[in-house]
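Below is one structure; the comments refer to it alone.
The values are calculated or read from the model by the stated rules, or taken from the named source; none is laboratory data. Given the structure is predicted, the values throughout are model-derived calculations rather than measurements. So basically every Cβ, Gly included, is an ideal-geometry build from the backbone, and we count neighbours across all protein chains shown.
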């Protein structure tokens, strides 16, 4: 019938190399799969951190615009007794601000200008989780006219 033949030593070596190659490929494929799973698990956290950073940048930008608006309004208050002119100057720099103007003194006296604005946290996902902060800025100038 059939005779059993022992493989030659060179055939044994080739078979062993194939098995080792298959094992190393299986190991590397398993590590690639592990890296993919880790990436998928970390990705939402990275996205949330980026969105929070964008929200902070948006609030800081509004703060800088508020500071500019209060300086514009203070300059207008120093030159004009008209409150509508002061409010217009403030809203040119930052729309939606509320104005609180102090009593207008004689020329050379100090007048206080206070602006308030509510910052809307509207970045998707993180915006609804954070409260809308109310910001306030104040400037005092001498009346020129």
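When you go through 51, 41, 64 one by one, which is the residue that is surrounded by 10 or more Cβ atoms within 10 Å (Cβ to Cβ) and farther than 13 Å from residue 126 by Cα? So that I can check it myself, show each step before the final result.
Values: 51 fails: farther than 13 Å from residue 126 by Cα; 41 fails: surrounded by 10 or more Cβ atoms within 10 Å (Cβ to Cβ).
On inspection, the qualifying residue turns out to be 64.
Residue by residue through the range 81-113, note down the ones that are outside any loop (DSSP other than H, G, I, E, B), in contact with a helix residue (DSSP H, G or I) (Cβ under 8 Å, 6 or more places away or on another chain) and in contact (Cβ under 8 Å) with a residue 12 or more places away in the chain. If you could, list the steps in order and put the result at the bottom.
Of all residues in the range 81-113, those outside any loop (DSSP other than H, G, I, E, B) come to 83-93, 98-101, 110-113.
Of the ones still in play, those that are also in contact with a helix residue (DSSP H, G or I) (Cβ under 8 Å, 6 or more places away or on another chain) are 85-93, 99, 101, 111, 113.
Listed by number, the residues that qualify are 86, 87, 88, 89, 90, 91, 92, 93, 99, 101, 111, 113.
List pairs: first residue in the range 36-62 and within 17 Å of residue 128 (Cα to Cα), second residue surrounded by fewer than 10 Cβ atoms within 10 Å (Cβ to Cβ) anywhere in the structure, Cβ distance under 8 angstrom, at least six positions apart or on different chains.
Every condition considered, the pairs that remain are 51/124.
Hey, among 59, 70, which residue is touching a strand residue (DSSP E or B) at 6+ places or on another chain (Cβ under 9 Å), modelled with pLDDT under 95 and in a helix (DSSP H, G or I)? Talk me through it step by step, then tell me what you get.
Working: 70 fails: modelled with pLDDT under 95.
The unique qualifying residue is 59.
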